[in-house]
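Everything below concerns the one structure shown next.
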């Protein structure tokens, strides 16, 4: 069994209407950034002001590189952003 050190760096809570944002660090690696790099997640720009300037640049660069390389969700011509998908699901339930 391999032991992993997991650290959660929580960002400032801006609104009580949503869950707090944060960064998951596993054995010193930013797991959130790795997901963006591999095209498995979006850089959620609506809340990027909560990131440090260096994180904001790293996440933006990672998403741009994943898009260019057509990794993960970027293989699709027009992937649906998660915020649009959630809005569609709410509309369908009504």
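Summary table
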read-out	value
Selected residue (criterion: modelled with the lowest pLDDT) from residues of the stretch 47-56 that are under 22 Å from residue 86 (Cβ atoms) and over 11 Å from the mean Cα position of the chain (by Cα)	50
Residue list for the stretch 5-25, restricted to those being outside any strand (DSSP E or B) and modelled with pLDDT of 80 or more	5
Pair list, Cβ under 6 Å, 6 or more apart: the stretch 75-94 residue without any contact (Cβ under 8 Å) to a residue 40 or more places away in the chain, other residue assigned to a helix (DSSP H, G or I)	79/73
Helices (runs of 4 or more DSSP H) wholly inside the stretch 26-94 that include at least 3 residues being surrounded by 11 or more Cβ atoms within 10 Å (Cβ to Cβ) and in contact with a helix residue (DSSP H, G or I) (Cβ under 9 Å, 6 or more places away or on another chain)	31-37, 53-69
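The values are calculated or read from the model by the stated rules, or taken from the named source; none is laboratory data. Everything quoted here is computed from the prediction, not taken from an experiment. Glycine gets a Cβ as well: all are built from the backbone with ideal geometry, and neighbour counts include every protein chain shown.
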